[in-house]
Every structure is written in C-alpha cells, then in structure tokens.
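Student: This is the structure, below, for whatever I ask next.
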Amino acid sequence: MIVAEQKPLNEQKTLIGGADNVLVVGCGTCVTVCFAGGSREAAITSASLRMATKLDGNGRNVSDVTVQRQCEWEYLDQIADQVKETDIVLSLGCGIGVQAIAEHFPDTWVVPGLNTTFLGLPSEQGVWTERCAACGDCVLGLTGGICPIARCSKSLLNGPCGGSEDGHCEIDPDTDCAWQLIYDRLNSKNKLDLLLELQPPKDWRTSRDGGPRKIIREDLRLVPEEE
Amino acid sequence: MTEYPSNNGYLSGSTLEKVLRAGHFAVTGELGPPQSADPDVIKEKAALLQSYIDAVNITDNQTAIVRMSSIGAGTIVVQEGLEPVIQMTCRDRNRLAIQSDLLGAYALGMRNLLCLTGDHQTFGNHPDAKNVFDIDSVQLVSLVSAMRDECIFQCGDKFKGIEPRFFVGAAAAPFADPIDFRPYRLAKKVKAGADFIQTQLVYDIPAFERYMEKVRDLGLHKQTYILAGVGPLKSPGMARYMKNNVPGILVPDEIIKRMTDAGSSWAGKSKDELTKEDKKARASAWKETGIQICIDLIQQLRNIEGVSGVHIMAIEWEEAVKPIVEGAGLYPRPVVEQPAAVT
C-alpha cells in the first residue's frame, strides 16, 4: 500500500491560508489502512483546524468528506458539489489524490494534508516499513523476495557493503541490512549460488530516471467507434 | 588501439603494478585531501609519504565530507612525484560522470584506481543530499576493466583513441557481516576484474588468517594482489571506539591492553591532575606503542600466504608512515622503472 503520514497541524493551517471555507477530503483506500487520511482522520483534522483557527481569533468553516478512492475520477465526481462550494480543499489523500483533485476540479485550490512517504506494509501494529521502490524492473526473483533497491540504503545489486553489522545497516541500528536478509533467505533455501552471479548495472529507464512513466494497455482502452 | 611498447605487458604500467608484479611486498598509504582549495596541504602530506610508499590512495569525499576532489588532489600528487591511487565512489556520480572523470584522470597521469561504493551521505556534512548509487563497486570494477581491455563505455559503445589503462583495485571488508559471505564477495570483485585489493583495517590476525584460508581455497590470491589494511592507533580510546563503533573492524582486547599499558604511568591521575606536559608525554607514549603494534601486525601479515602487501591508513597522521615502514623493514622501497608518460 501507499504509506503516508499527516503533516503537522501548523503546516496544514499555513497551507489553508486565508480561506474561509475549507473542505478536508479523506481517502478510503491506502491512507485509511495506514491511519493517515481515512474518514476518522479527516474528521479529526477538520475539528482540529476549526479549533485552532478559532483559538487564533479567526475561526474558519471546516467540513470533511471521505471518498472511496481519490485517485479515480468516478469517486471524485461524487463530491463535485461540495468541492464547488468550498474555497480550498485540504486533501488527506496521497500525492496522487491531491493531484487528481487538482486535475479534476481545476477551479479549486487544493493543498496536501499528508506527506506521502513510501510503498510498504505494516510490519507490526503501528509500524510501517518500505518494501518497494517501483523501479519498474523487478529483481525480487534474484534476491529471495527481498528488495535491495528499496531496502538497501545504497540500492546495491551486488551487496552487502562493508557497513553490515549484526543484521543492521550502518546508517541506523533500527534499519535491517537488506543484504543480510537476502543472504539468510537464500542460505535457508540453498540458493546462495544466486549471489555469486555478477549483477550488471541496472537499466534505470523503467524507474523515475526515465522520466514520468505511463502504461498503455491497448486491449483495455476504450476506442471511439469508427463512423 | 594505441600500442604502448613501454608497457611490456603491464595492464597500466603503474609503479604499484610493477612492484607487485616483480614480487615485492607492496606498501601503499593514504592521503586525505583538505576541506579547502589549498594545494600546499597536499604537497606537505605527499612529502611525508614520498619514498616510504609505492603509491598513495587519495580519498574521494571520505565519510561523505566535502573535500578537494580525489582527481584534483591526485594531479598535485603526480606533480610532486608520488604515485596516486585515485579513489572513486558511486555515491556522488552516475555512470556518465564516473566515466568522464576517469578519462580525465588518466589524461592527467593517474594510473591506479580504487573502486568503492562509498559511505552513505548520512555520515557526512551534507546528510540532506541526494545520493546517486547508479552503479555499485562491483559494477564499477567491470566498467573500468572494460574501458581498459575492450575500449568500450558502459553502454557498450566502442571508443577510439587512447583508452584509460588503470590498475584496477577494489576494497574488501573481511570482518563485516555476513562474515561467511565475505570471501565470496571478494571473488565477485575478482571476477569483475579487480587487479588488486585493499582490505579494511586488520588488528585481529587469527581472524584474518581464517579469512585468508578461505580466500586461498577459492584461489583468489593467485588472481589478484591482496594488500592488508593496517593503521597505527593513537590512543586506547581510539582502539575501543573502533572495536565498538565501526562495523567490520575487530580489535582484540590484547591490543587495547597494550595501548592502555602504554599510558600506565599516568593512569592513577585524574583528568585535572594531569599537566599539559603529562598529557603530551602520554600521547607520545601511546603513539609510540601504536606505531609498534602496527609494525608487529605488518610482520605477522607478511607471513600469511596470499598477502602481497600492506595498505597503511594513517590519515591526518602521515608522520607515522616513515617509522612504520622503516620499523617493518620495508625501507628502502624497491625501485622499478617509472611509468611512461602519456604523449
């Protein structure tokens, strides 16, 4: 899932600026599951902004609504009337949600209420960790299902470097060394020979380095019927 | 392809390569460029190392702290008549920058290269920087070997004209985790084309002997020259710090005890009781013992089959290199024919 966390209230307050009517828009998918921008968080944010602006002596009208997915037009259509009436939208979606709102409602100013952090999972209750860098050319088949691009601090393909100690990465004792995990996993599966191969430089074109990415599936496209 | 008759079959014709190929026990050192544009710092350090070592590593923004570039400082070192080993990390440059810098370095007279992944920028003075890590150290070794041996850039394009003929080195961390994989990671670097290896600091000889046994089992000592890393300790505190805080460095208690004992004359006194002279005398006693330990380590390393030389890391203590090399019986350094200049 996409993992995000809330921006501090003060920053959210600064972002809404002088707007009198504010609509906080939550998202019912990824950011709900990571407790950053679901309906509950949208309601709390909305109430917090009402209180904070009131305490400042300039109380704003802040309301909230949550859609199933901010990243799909059909769900955004459902809040078109509310968006029309507000001065500003504070999106509690990920960065995709914020941009979808900006694109779908070009007349409305939209600001982000979250920082989108990574693609990951809840490794335990209350802890989320990064798992995927969306590099566009998956190497997990070589590394026992543990991603060195997302999880090694240096994205090494021929790791581990000399900074691996007692299973953690030298940059932080709370960060696992991805290559220790890979080594242990391949060792337990008698597949250490995979680590002896020289992995060539990665083709980063499929990653962000190749510019903004797009997938076109002609088989799924709705082609206008020929007249 | 340009022919170099003077190379006589050498890969690079560097002094370091010639010393190793002739079967001499090689000695390399380390020179950290200044955090300024001052060429005199390089000249002063080079003068201290000159004639005691075969080549000197010039670090590349070590520990991710901005310093004069390795190639810039290396150029000054070449002018001073000392042979540099250019260190190149993958942290700050992508494959385009690496290749163009290496073409420039060769044109400026550099002949040895140490390929490193590079310390993460978290450790340095620009922790908010974006890192690169387009390629890793193993891939860098392959890349420079292919530029030299096949005249191709990493993209596969062949190039004409003078190819950069570097003596290609890589690092090894014998005691880092997972320790069982370390000889195999070295094998990967050798397979990628590493002509020589410089190891992380060795203080624990039995542990290094165990590592070298596996290295010999894999036959790696016959395919590359392995230079064991050594470094003089300045104080018992430095020894304890390295033991406890630096990944991949083992410092046996016996060595910490030798360092502690060296300062025993001042051990009973509290910090406030020590005069300036006391502190000076104690520092000097520690340093003397640190140098002696380093000499002892070199003598033990020399007896390990497959060790072709030592890499003395005495950064910001270049004065220590002379007594270490002399004390270890490695002075004078062998004289080999000087590398041919590029024309």
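The values are calculated or read from the model by the stated rules, or taken from the named source; none is laboratory data. For clarity, every value in this text was computed on a predicted model and none was experimentally measured. Neighbour counts run over all protein chains shown; Cβ positions are idealised from the backbone, glycine included.
Student: Could you grab me the full set of residues in the stretch A:183-202 that are exposed (fewer than 14 other Cβ atoms within 10 Å of the Cβ) and at the interface with another protein chain (Cβ under 7 Å from one of its Cβ atoms)? First the steps, then the outcome.
Tutor: Step one: filter the stretch A:183-202 for residues exposed (fewer than 14 other Cβ atoms within 10 Å of the Cβ), giving A:188-191, A:193, A:196-197.
The one that is exposed (fewer than 14 other Cβ atoms within 10 Å of the Cβ) and at the interface with another protein chain (Cβ under 7 Å from one of its Cβ atoms): A:L196.
Student: Next up: Consider the stretch A:96-133. How many of its residues are within 30 Å of A:L181 (Cβ to Cβ) and part of a strand (DSSP E or B)?
Tutor: If we filter the stretch A:96-133 for residues that are within 30 Å of A:L181 (Cβ to Cβ), which is where we start, we get A:96, A:114-133.
Then drop every residue that is not part of a strand (DSSP E or B), which leaves A:114-124, A:127-132.
Adding up the residues that qualify gives 17.
Student: Right, another one. Return the residue satisfying two criteria in turn: it lies in the stretch B:112-170 and is more than 14 Å from chain A (Cβ to nearest Cβ) and among the small types (G, A, S), and of such residues it is nearest to B:I197 (Cα to Cα).
Tutor: Top of the filtered list is B:G169.
Yes/no per residue for (1) of a type outside the set (A, V, I, L, M, F, W, C); (2) closer than 24 Å to B:G29 by Cβ; (3) surrounded by fewer than 18 Cβ atoms within 10 Å (Cβ to Cβ):
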| site | (1), (2), (3) |
| --- | --- |
| B:S51 | yes, yes, yes |
| B:I58 | no, yes, no |
| B:R91 | yes, yes, no |
| B:Q99 | yes, no, no |
| B:L102 | no, yes, no |
| B:T117 | yes, yes, no |
| B:N125 | yes, no, yes |
| B:Q139 | yes, no, no |
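Student: Turning to a different aspect of this structure: Is it fair to say B:A228 is touching a strand residue (DSSP E or B) at 6+ places or on another chain (Cβ under 6 Å), more than 9 Å from every other protein chain (Cβ to nearest Cβ), in contact (Cβ under 8 Å) with a residue 40 or more places away in the chain and more than 21 Å from A:E170 (Cα to Cα)?
Tutor: On the way: touching a strand residue (DSSP E or B) at 6+ places or on another chain (Cβ under 6 Å): yes; more than 9 Å from every other protein chain (Cβ to nearest Cβ): yes; in contact (Cβ under 8 Å) with a residue 40 or more places away in the chain: yes; more than 21 Å from A:E170 (Cα to Cα): yes.
Spelling it out, B:A228 is indeed touching a strand residue (DSSP E or B) at 6+ places or on another chain (Cβ under 6 Å), more than 9 Å from every other protein chain (Cβ to nearest Cβ), in contact (Cβ under 8 Å) with a residue 40 or more places away in the chain and more than 21 Å from A:E170 (Cα to Cα).
Student: Test A:I182 against the stated conditions and say whether it is among the β-branched types (V, I, T), free of Cβ contacts under 8 Å to residues at least 60 places away in the same chain and in the same structural domain as A:P200 (by TED's automatic domain parsing).
Tutor: Details: among the β-branched types (V, I, T): yes; free of Cβ contacts under 8 Å to residues at least 60 places away in the same chain: yes; in the same structural domain as A:P200 (by TED's automatic domain parsing): yes.
So A:I182 fits the description; yes.
Student: Which numbered condition in (1) over 29 Å from B:C155 (Cβ atoms); (2) in a loop (DSSP other than H, G, I, E, B); (3) at the interface with chain B (Cβ under 8 Å from one of its Cβ atoms) is the only one that A:L220 fails?
Tutor: (3)
Student: Contact list please: Cβ distance under 8 Å, first residue in the stretch A:197-223 and among the β-branched types (V, I, T), second residue surrounded by 10 or more Cβ atoms within 10 Å (Cβ to Cβ), pairs at least six apart or on different chains.
Tutor: From the stretch A:197-223, the pairs are A:T206/A:C135; A:T206/A:G136; A:T206/A:D137; A:T206/A:R213.
Student: Within the stretch A:146-156, take every residue that is part of a loop (DSSP other than H, G, I, E, B) and in contact (Cβ under 8 Å) with a residue 12 or more places away in the chain and give me the one that is farthest from A:R131 (Cα to Cα).
Tutor: First, pick out the residues of the stretch A:146-156 that are part of a loop (DSSP other than H, G, I, E, B): A:146-147, A:152-156.
Subsequent filtering for residues that are in contact (Cβ under 8 Å) with a residue 12 or more places away in the chain retains A:146-147, A:152-153, A:155-156.
Details: A:I146: 8, A:C147: 7, A:C152: 10, A:S153: 12, A:S155: 12, A:L156: 15 Å.
This residue is A:L156.
Student: While we're here: Which of the residues spanning the stretch B:83-100 are out of contact with any strand residue (DSSP E or B) (no Cβ under 7 Å at 6 or more places or on another chain) and either part of a helix (DSSP H, G or I) or of a type in the set (A, V, I, L, M) (or both)? So that I can check it myself, show each step before the final result.
Tutor: Step one: list which residues in the stretch B:83-100 are out of contact with any strand residue (DSSP E or B) (no Cβ under 7 Å at 6 or more places or on another chain), which gives B:90-97, B:99-100.
Listed by number, the residues that qualify are B:R95, B:L96, B:A97, B:Q99, B:S100.
Student: May I pose another question? B:F175: within 14 Å of chain A (Cβ to nearest Cβ), surrounded by fewer than 18 Cβ atoms within 10 Å (Cβ to Cβ) and at pLDDT 95 or above, yes or no?
Tutor: Working: within 14 Å of chain A (Cβ to nearest Cβ): yes; surrounded by fewer than 18 Cβ atoms within 10 Å (Cβ to Cβ): no; at pLDDT 95 or above: yes.
Here the answer is no, as B:F175 does not meet what is asked.
Student: What residue, of A:K154, A:K214, A:K202, A:K191, is basic (K, R) and under 15 Å from B:Y184 (Cα atoms)?
Tutor: Numbers: A:K154 fails: under 15 Å from B:Y184 (Cα atoms); A:K214 fails: under 15 Å from B:Y184 (Cα atoms); A:K202 fails: under 15 Å from B:Y184 (Cα atoms).
So the residue among A:K154, A:K214, A:K202, A:K191 that is basic (K, R) and under 15 Å from B:Y184 (Cα atoms) is A:K191.
Student: Further question on the same structure: For the subset of the stretch A:157-182 comprising residues that are in a helix (DSSP H, G or I), buried (at least 24 other Cβ atoms within 10 Å of the Cβ) and of a type outside the set (V, I, T), which member is farthest from the other protein chains (Cβ to nearest Cβ)?
Tutor: Applying the filter and picking the extreme gives A:A178.
Student: Okay, moving on. Determine which member of the set B:I291, B:I256, B:I295 is hydrophobic (A, V, I, L, M, F, W, C), within 30 Å of B:I226 (Cα to Cα), surrounded by 13 or more Cβ atoms within 10 Å (Cβ to Cβ) and more than 21 Å from the chain's Cα centre (by Cα). Write out each step before concluding.
Tutor: Working: B:I291 fails: more than 21 Å from the chain's Cα centre (by Cα); B:I295 fails: more than 21 Å from the chain's Cα centre (by Cα).
After ruling out the rest, the residue left standing is B:I256.
Student: Determine which member of the set A:S91, A:S39, A:S48 is touching a strand residue (DSSP E or B) at 6+ places or on another chain (Cβ under 8 Å), within 27 Å of A:Q125 (Cβ to Cβ) and free of Cβ contacts under 8 Å to residues at least 40 places away in the same chain. Don't jump to the end; show me each part of the working.
Tutor: Details: A:S91 fails: free of Cβ contacts under 8 Å to residues at least 40 places away in the same chain; A:S48 fails: touching a strand residue (DSSP E or B) at 6+ places or on another chain (Cβ under 8 Å).
Result: A:S39 is the single residue among A:S91, A:S39, A:S48 that is touching a strand residue (DSSP E or B) at 6+ places or on another chain (Cβ under 8 Å), within 27 Å of A:Q125 (Cβ to Cβ) and free of Cβ contacts under 8 Å to residues at least 40 places away in the same chain.
Student: Quick one: which residue in A:G93, A:G136 is more than 16 Å from A:V65 (Cα to Cα) and part of a loop (DSSP other than H, G, I, E, B)? Step through it out loud before you land on a result.
Tutor: Numbers: A:G93 fails: more than 16 Å from A:V65 (Cα to Cα).
The unique qualifying residue is A:G136.
Student: Looking at B:Y211, B:Y203, B:Y184, which is the one that is of a type in the set (F, W, Y) and within 11 Å of another protein chain (Cβ to nearest Cβ)? Give the steps one after another, and end with the answer.
Tutor: On the way: B:Y211 fails: within 11 Å of another protein chain (Cβ to nearest Cβ); B:Y203 fails: within 11 Å of another protein chain (Cβ to nearest Cβ).
After applying the criteria, what remains is B:Y184.
Student: Still on this model: Which of the helices (runs of 4 or more DSSP H) contained wholly in the stretch A:1-86 include at least 2 residues that are surrounded by fewer than 18 Cβ atoms within 10 Å (Cβ to Cβ)?
Tutor: Numbers: elements: A:9-16, A:30-33, A:39-55, A:73-77, A:80-85.
Output list reads A:9-16, A:39-55, A:73-77, A:80-85.
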